[in-house]
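The structure under discussion appears below in the form of structure tokens.
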Amino acid sequence: MIYNLDDIEMGAPVPTDEPMRQKYFMVKLREKLKAESERLGRPLKMHCTTFGCQMNARDSEKLTGILEEIGYVETDSEDADFVIYNTCTVRENANQRVYGRLGHLNGLKRKNPNMIIALCGCMMQEAAVVEKIKKSYRHVDIIFGTHNIFKLAELIDSRLESKGMIIDVWEDTNKIIEDLPVDRKYSFKSGVNIMFGCNNFCSYCIVPFVRGRERSRNPKDIVREIENLVEDGVVEVMLLGQNVNSYGKTLDEPMTFAGLLREIERIEGLERIRFMTPHPKDLSDELIDVMKDSKKICRHLHLPVQSGSSRILKEMNRQYTKEHYLGLVDKIKAAVPDVSITTDIIVGFPGETEEDFEETLDVVRKVGYDSAYTFIYSKRTGTKAAAMEDQIPADVIKVRFDRLRNEIQGISSGLIARNEGTVQQVLVEEVNEQNSSLMTGRLSNNIVVHFPGDESMIGQMKAVKLNKCHGFYYMGEAVQN
Ligand code: 5AD
Ligand code: SF4
């Protein structure tokens, strides 16, 4: 999509309204970076690494969009003129990886002193992290958080003007800035934010502290964005929010998530709609009805259970019981018989007993997940669970974690094979990484299929016969559409 910066008048005072203000800085930086590139006799390169979830992946597309707009060219290597890490802090191991890589960047910056290093994302919303970077990682140039990624151009300009470390982390925001450039990773599919933040405060989770309070985008803005994406070749959208079932509650004219889905369904040319993540506590009958009747909503529901024990769920502040969750799954399966259900599970939440863990195994057996993301509980400073007594020893967690993984694998490989021999629509996504004569795509239920084909198929919907299931994927062959 062409991004228009022509409406900016550089002689006038710096605009105070967004996005005009950022456009002003983009035009200003274009000039500055062009001069720098001419001085060096080569294009300026930028590299962005994304940690964590699909929200971050989408944020990174916006950051990259701004960087390309001002003249940087993207590269796979961190040996670049601008390096940005979009960080995650949902579990401690993601934090450790960032510190490790910052050490490596220090070496690269010694060779290229003009390199700009920026850090943003969830980890930067934690004051202790920013303090640590200020003290021990002086080579970092810019730090900002989750609420002001739209300001990247202005922050780079401040850094170039001042030379000191620029830190701009907001506690929270009620702003949603529309209409900034985006560099999409895929031409045919795109994430679309429908809401930001989370109000649930599950007791283990740091997200509400780093992503702020829930706020929904205006449905008109969402529909307009998707219409533009479709015009630009997108056939599949993934609607993104920490808890999509809460969509619309805070709007001036409240609207349900199911209502939003109905509007999006009407967009001509759009073939597939995915969404993540719904919360089991408020997944409505209205949503199940919309899924049942929809031609476009994919036959996949990612429904995080976290634990199968009602006692632990209460401690987690999840606001549903094991029975409620299982009842919900039954309802969904009855309404959408070919649906694929996937989940997130945490092992080793404080106080989890062998009996509690057995309840989780029981849910896994009863639901029959096509796949499950399993996480070892990670203590996050500031959350309610971090202060709970009876943190579970690592060796106990490890044994449970392995038992859970085995259980899930045993069940899911059998389940995934259920469509063997059928012909299904596949959205072709890329050339197979191991074998370039094969193409890789996804079924509506998100399962991966490999089949002989060529690059010209990328972005198209193809009818594919699913010849053989190999555990988590199918091998197939294209048939006439
Ligand atoms: N420890 C382990 N896993 C966590 N998650 C969120 N917080 C934690 C934590 N403190 C998991 C949940 C959530 C997923 C995105 O990350 O399962 O659904
Ligand atoms: Fe975290 Fe719970 Fe919000 Fe999900 S719903 S982001 S697990 S607090």
Could you please state how large a percent of the accessible area of the chain is carbon and sulfur, counting protein chains only and using a 1.4 Å probe?
-> 49 percent
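What accessible area per residue comes out for segment 184-298, rounded to a whole number of Å², with a 1.4 Å probe?
Numbers: 4590 Å² over 115 residues.
With the other protein chains kept in place, segment 184-298 gives 40 Å² per residue.
Just the Kirkwood number for segment 335-418, please: inverse of mean 1/r across all distinct Cα pairs, in Å, one decimal.
Hydrodynamic radius (Kirkwood, Cα pairs) of segment 335-418 is 13.9 Å.
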Give me the number: length gained by fully extending Lys249 to Arg365, i.e. 0.36 nm times residue separation minus the C-alpha to C-alpha distance, one decimal in nm.
-> 38.3 nm
Could you calculate the contour length gain from Glu389 to Ala35, that is, 0.36 nm times the residue separation minus the distance between their Cα atoms, to one decimal place in nm?
-> 121.6 nm
On the first, second and third principal axes, largest extent first, how far apart are the outermost C-alpha atoms of segment 184-298 in Å?
-> 41, 32, 27
Taking the Cα-to-Cβ direction at Ser456 and at Asp289 and moving 7 Å from each Cα, how far apart do the two end points lie in nm?
-> 4.6 nm
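Roughly speaking, what is the stretch gain from Glu227 to Ala128, that is 0.36 nm per residue apart minus the C-alpha to C-alpha distance, in nm to one decimal? Don't skip to the answer; put the middle values down first.
Details: separation 99, 0.36 × 99 = 35.64 nm, distance 4.18 nm.
Contour length minus the Cα-Cα distance gives 31.5 nm.
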Put +1 on the Cβ of each Lys and Arg and -1 on the Cβ of each Asp and Glu in segment 184-298; which of Leu229, Val207, Met195 then has its Cα farthest toward the positive end of the dipole?
-> Val207
Calculate for the chain the 222 nm mean residue ellipticity that helices alone would give, adding -39,500 (n - 2.57) per DSSP H run of length 4 or more and normalising by residue count, nearest 500 deg cm²/dmol.
-> -11500 deg cm²/dmol
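Mind checking the dipole of the chain: about its Cα centre, +1 per Lys or Arg Cβ, -1 per Asp or Glu Cβ, Debye to the nearest 20?
On the way: 64 positive and 73 negative charges, 191 e Å.
That gives the chain a dipole magnitude of about 920 debye.
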With the other protein chains left in place, how much accessible area per residue, in square angstrom, belongs to segment 390-481 at a 1.4 angstrom probe?
-> 52 Å²
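Just to confirm, what accessible area per residue do you get for segment 1-102 at 1.4 Å probe, in whole Å²? Don't jump to the answer; show the numbers that get you there.
On the way: 4920 Å² over 102 residues.
Value returned for segment 1-102: 48 Å² of accessible area per residue.
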Cα-Cα over 18 Å: which of Lys62/Lys185; Lys111/Lys135; Lys134/Lys384; Lys185/Lys296?
-> Lys111/Lys135; Lys134/Lys384; Lys185/Lys296
Sparse-neighbour loop sites [GluC sites (Glu not before Pro); segment 1-48; at most 16 other C-beta within 10 Å; DSSP] | Glu9
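By accessible area of protein heavy atoms, probe 1.4 Å, what ranking do Asp402, Asp285 get, highest first?
Working: Asp402 65, Asp285 85 Å².
Order by accessible area, largest first: Asp285, Asp402.
The values are calculated or read from the model by the stated rules, or taken from the named source; none is laboratory data. All of these numbers come straight from a predicted model, not from anything done at the bench. Please note: Cβ atoms are built from the backbone with ideal geometry, for glycine as well, and neighbour counts cover all protein chains shown. Surface accessibility is based on the protein's heavy atoms, side chains included, excluding ligands, DNA and RNA. Shrake-Rupley method; radii C 1.70, N 1.55, O 1.52, S 1.80 Å.
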